[in-house]
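Have a look at the structure below, then the notes.
The values are calculated or read from the model by the stated rules, or taken from the named source; none is laboratory data. Keep in mind it's a predicted model, so treat the numbers as computed, not measured. Every residue, glycine among them, receives a Cβ derived from its backbone with ideal geometry; neighbour counts consider all protein chains shown. Areas reflect the complete protein model, heavy atoms only, side chains present, ligands, DNA and RNA absent. Shrake-Rupley method; radii C 1.70, N 1.55, O 1.52, S 1.80 Å.
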Amino acid sequence: LGVGKLVKADNINDIIDHKLFSEDDIHEMCVRLGKQLTEDYAGKKPLVVGALKGAIYFLTDLTRQMDVAHQLDFIDVSSYGDGFESTGKVKIVTDLATDVKDRDVLILEDIVDTGLTLKFMKDLIKKRGAKSVKCCAMLNKESRRNVDVDLEYYGSKVGNEFVVGYGLDFLNMYRNIPYVGVLKPEVIQKYVNK
Ligand code: XMP
Ligand code: MG
């Protein structure tokens with residue numbers, strides 16, 4: 001799937017089948033999770049790690065609901081090739097800049113699906129000597145999990161549908177939609193197997 005295929009990309013209003021989580025829903029998730037994380041990380045100075053690129057919208061809203069002194073870093077690992085089906089392999093695209101040794105690390109994710117990406121990140125950070133490694137994801141596609149990994153915090157469960165918006169992408173597009181919506185099946189059909 002090359003950039004050429006994206007030149008005639010559709011407008012946002014034409015690709016969403018229906019809205020799943022509104023801006024208010026997402027705000028409520030951030031408030032609730034922010035309170036919980038404020039309690040759980042009280043007295044600690046966690047390193048909050050945003051999983052690029054999908055988690056950036058969630059990260060900016062959630063961390064502003066956390067009354068906890070923390071530092072930020074980012075990691076970009078990819079398992080999804082170009083499309084939307086996992087390739088089954090995870091690789092580091094951009095590594096952390098911070099030494100995680102003895103740190104309490106909180107990974108923020110847009111969505112945990114099979115769990116492969118999260119397990120890779122957790123194992124990597126543990127191996128480097130972090131004191132603790134937990135994850136908070138906006139969405140939990142629990143029915144698709146096929147690796148054994150704990151997801152300590154999440155905003156909501158979501159069914160087995162392909163969702164976009166609020167960081168979630170299709171072909172690295174549509175992250176800026178302010179809510180989470182389900183992609184029209186025909187949009188996926190248009191781009192797969194091409
Ligand atoms: P795994 O399978 O490793 O996948 O847990 C995690 C990554 O897969 C992407 N993903 C999605 N992205 N809508 C998206 O825009 C979805 O419905 C979806 N499901 C999985 C996502 O990048 C996540 O980090
Ligand atoms: Mg992602």
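Annotations
- Cβ crowding within 10 Å averaged over residues, with 125-136, 161-172 ranked highest first: 161-172, 125-136
- The DSSP beta bridges internal to the stretch 17-156 are antiparallel in roughly 15% of cases.
- Eligible aspartates and glutamates near residue 91 by straight Cα distance, threshold 12 Å, same-chain separation 8 or greater: 76
- With contacts taken as Cα pairs under 8 Å at a separation of at least 6 residues, the chain carries a relative contact order of 24 percent.
- Placing R0 at 22 angstrom, the Cβ-Cβ distance between residue 44 and residue 99 gives a FRET efficiency of 0.85 after rounding to 0.05.
- Measuring r between the beta carbons of residue 89 and residue 150 and using R0 = 35 Å, the FRET efficiency lands at 0.95.
- Per-selection Rg to Rh, the chain - Cα, Kirkwood hydrodynamic radius: 0.97
- The stretch 57-194, accessible area per residue, ligands and nucleic acids excluded (1.4 Å, Å²): 47
- Amide H contacts under 5 Å for residue 20, placed H, 5+ residues apart: 180, 181, 182
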